[in-house]
Each structure stands twice: as C-alpha cells, then as structure tokens.
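Structure record follows, encoded as structure tokens.
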Amino acid sequence: MKTQVLAVALGAVVAFAGAAGAHGPSRLKTEQTVVLDATPAEVWEVIGKFDDMSWHPAVASTEMMPEGAPADVPDESTRVLTLNADGAPTITEQLMAIDNEKMSYKYMITEVDTAVLPVTNYSSTLQVSDKDGKAEVLWKGGFYRGFPNNDPPAELNDDAAIAGVNGIYEAGLNALVERFGTVE
C-alpha cells in the first residue's frame with residue numbers, strides 16, 4: 001500500500017513538474033520615446049486624432065467603422081488602417097480611452113493577420129508630454145506573441161512580436177522626427 005501511494009505521489013509530482021514547464025507565452029511590453037523640436041500642442045494636432053494616421057508612413061489610409069462613426073468615443077470608435085504593403089493588409093483598432101487635455105489615447109487591436117503583425121491581445125498608448133516646452137512622444141504597448149502555444153515558429157515568437165511592434169513605433173517616430181526635428 002505504501003508503495004502504491006508513493007508511486008502515485010511521485011507520478012503526480014512528475015506530471016505537475018512537466019506542466020509547470022509547459023506554460024504559454026508571457027505578456028510582452030515595449031516602449032519608445034522621442035523629444036521633438038515642437039510644442040506638445042503642435043505634435044498633438046498631428047497625432048492626436050484617432051481617425052487620422054496619415055502621419056505614419058506605413059499607413060495608406062484610415063477609415064472609421066461603420067462609416068461616419070465618431071473618432072473620439074471609447075469603446076465605440078473603431079478604425080481600420082490600410083497599410084502600404086503588398087496586398088494592402090489591414091489592422092482594425094478600437095479606441096479604449098482618450099484625454100485631449102493630457103494629450104493621450106489608448107487603443108487595442110481587435111483584428112490583424114499575424115502574418116502582418118505577429119501579435120495577439122495588443123493594446124497601446126500614444127501620448128505627448130511637455131518636456132521643457134518641447135514635445136516628448138511616448139508610444140508604448142503590451143501584447144502577446146502571435147503563436148499562443150509552446151514552441152512557436154520563428155515568425156510568431158516573442159522576438160518577432162517585439163521586432164514587429166518596435167518597427168511600427170520606430171517608423172512612426174522617425175516620421176515625426178523628419179517633420180519636426182529632434183531636441184539634442
């Protein structure tokens with residue numbers, strides 16, 4: 001009897017130890033900032049409109065859904081970004097919060113092909129702050145890799161997810177640097 005109990009206990013320990021090592025992905029985070037040679041109000045005027053991503057070089061067009069929907073109502077404002085890429089892929093995003101006084105908005109991706117951006121459960125904040133009279137832009141996001149299970153393929157792993165989001169942020173912030181210049 002003791003041998004059977006010991007065997008069952010040992011089997012349970014081995015099973016739980018294997019399960020503990022087989023957890024899914026962890027939430028990833030990234031953020032980038034730049035200080036621009038412009039006032040916060042000037043920069044917010046360009047990037048603070050949820051229905052206008054024309055300042056970002058990867059975005060060919062922004063469309064609110066349904067047509068005519070408001071661009072500033074959290075949980076109701078949904079935009080579809082058509083990208084400047086082969087096949088004109090799209091990313092659908094929903095506004096979660098907006099504060100024009102604090103020059104900030106939060107949004108989440110509700111639909112994207114992981115071949116376009118290898119992430120799931122993505123949410124992000126775009127914010128402009130005053131730094132000695134100049135605009136500091138912060139773009140940060142949290143997300144999971146595109147493959148929700150263990151042993152993801154290289155194009156859907158943590159590194160690919162971080163690289164994809166960082167690429168979007170870099171391209172957008174670099175476009176703002178080209179437009180406004182930076183503070184050294």
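The values are calculated or read from the model by the stated rules, or taken from the named source; none is laboratory data. This structure is a prediction, so every number in the text was calculated from the model and none was measured. Backbone-built Cβ (ideal geometry, glycine too); neighbour counts: all protein chains shown. Surface accessibility is based on the protein's heavy atoms, side chains included, excluding ligands, DNA and RNA. Shrake-Rupley method; radii C 1.70, N 1.55, O 1.52, S 1.80 Å.
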Quick one: 3J(HN,Hα) in Hz for the stretch 118-126, Karplus 6.51/-1.76/1.60 with θ = phi - 60°, rounded, Gly and Pro as x. x, 9, 9, 6, 8, 9, 8, 10, 10
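Can you give the local net charge around VAL177? Use residues other than it whose beta-carbon is closer than 13 angstrom to its beta-carbon, Lys and Arg +1, Asp and Glu -1. Please report the intermediate quantities before stating the final value.
On the way: positive: LYS134, ARG179; negative: ASP37, GLU136, GLU170, GLU178, GLU184.
Overall, the nearby charge balance is -3.
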Under a crude label model (7 Å from the Cα following the beta-carbon direction), how far is ALA58 from THR33 in nanometres? 2.2 nm
Sequence-distant aspartates and glutamates (8 or more away, or on other chains) whose Cα lies within less than 12 Å of LYS131: ASP37
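Assuming a ≥ b ≥ c are the square roots of the Cα gyration tensor eigenvalues, decide whether the stretch 22-117 counts as rounded (a/c under 1.5), prolate (otherwise, with a/b larger than b/c) or oblate. Don't skip to the answer; put the middle values down first.
Details: a/c = 1.42, a/b = 1.22, b/c = 1.17.
Rounded is the answer for the stretch 22-117, as its axis ratio a/c remains below 1.5.
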Going by the alpha-carbon gyration tensor, a ≥ b ≥ c the square roots of its eigenvalues, is the stretch 82-141 rounded (a/c under 1.5) or, if a/c is not under 1.5, prolate (a/b greater than b/c) versus oblate? prolate
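Checking understanding here: applying a Kyte-Doolittle mean of at least 0.5 and a length along the axis of at least 27 Å (C-alpha), which whole DSSP H helices in the chain pass?
Details: long enough: 2-21 (29 Å, 1.53); 158-180 (33 Å, 0.38).
Result, helices passing both filters: 2-21.
Using helices alone, what [θ] at 222 nm do you get for the chain, with -39,500 (n - 2.57) per DSSP H run of 4 or more residues, divided over all residues and rounded to the nearest 500? Before the final figure, lay out each step's value.
Values: 3 runs with 51 residues, N = 184.
-9500 deg cm²/dmol, from helical runs alone.
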Taking amide H positions as placed in the peptide plane 1.01 Å from N, state which residues far from THR182 in sequence (5 or more) or on other chains have amide H under 5 Å from it. ASP37
If you add up the charges near PRO118, with Lys and Arg at +1 and Asp and Glu at -1, over every other residue whose beta carbon is less than 14 angstrom from its beta carbon, what do you get? -3
With charges only on Cβ, +1 for K and R and -1 for D and E, what is the dipole size of the stretch 43-184 about its Cα centre, in debye, rounded to 20? 200 debye
Please calculate how many Å² of accessible area the stretch 120-184 carries per residue, with a 1.4 Å probe and no DNA, RNA or ligand atoms counted. 50 Å²
Of the listed peptides 26-32, 66-72, what is their order by residue-averaged count of other C-beta atoms within 10 Å, with the highest listed first? 26-32, 66-72
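Quick one: pull the percent of accessible area on the stretch 27-159 belonging to carbon and sulfur, 1.4 Å probe, ligands and nucleic acids left out.
On the way: 3110 of 6840 Å².
Solvent-exposed carbon and sulfur of the stretch 27-159 make up 45 percent of the total.
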